[in-house]
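Read-outs throughout are calculated quantities, based only on the coordinates presented, and are distinct from any laboratory measurement. Treat the numbers as computed from the prediction; the structure is a model and nothing was measured. Cβ placement follows ideal geometry from the backbone for every residue including glycine, while neighbour counts extend to all protein chains displayed.
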Amino acid sequence: MNIVSAIILTAALLMIIAGMFCLVRTYNLIRIIIAIEIAMKAITLLLVFAGAVNGNMALSQTFVITMIVIEVIVAVVAAGIAISLYHKNGNVDIRELTNLKG
């Protein structure tokens, strides 16, 4: 393993840890959306790296494009929930989600 591979793996691991830490420590829905996005970007980086190592970049690019589409859908739905929560309660605390009705 060369130094570039070690740096990529370390950066992806740190991004996943940062995303998970932020998920565990906050009740703010906007911060949770950002934490999910950070963790997903790290997984995307790992998929591209795995494709480069295996020599199968076409398959990894297909997975990455699919993940980006899913990631955008999740972010838009969560942002809609955050907007509804803010309009109803005046804050984006996820502990208030029990009072939100559609």
With each label point set 7 Å from Cα along the Cα-Cβ vector, what nm distance links PHE21 and THR62? 3.7 nm
Angle between the chain longest axis and helix 29-54 axis [Cα atoms, degrees, rounded to 10]: 10 degrees
Between helix 57-89 and the chain, what is the angle of the helix's C-alpha long axis to the longest principal axis, kept within 0 to 90° and rounded to the nearest 10? 10 degrees
Dipole magnitude of the chain about its Cα centre (Cβ charges: Lys, Arg +1; Asp, Glu -1), debye to nearest 20: 200 debye
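Which number comes out as Rg/Rh for the chain once both Rg and the Kirkwood Rh are worked out on C-alpha atoms? Could the numbers behind the result be given before it?
Details: Rg = 16.9 Å, Rh = 15.2 Å.
Rounded to two decimals, Rg/Rh equals 1.11.
Taking only DSSP H segments of four or more residues, each worth -39500 (n - 2.57), what value at 222 nm results for the chain once the sum is divided by all its residues, to the nearest 500 deg cm²/dmol?
Details: 3 runs with 82 residues, N = 102.
The helix-only estimate for the chain comes to -29000 deg cm²/dmol at 222 nm.
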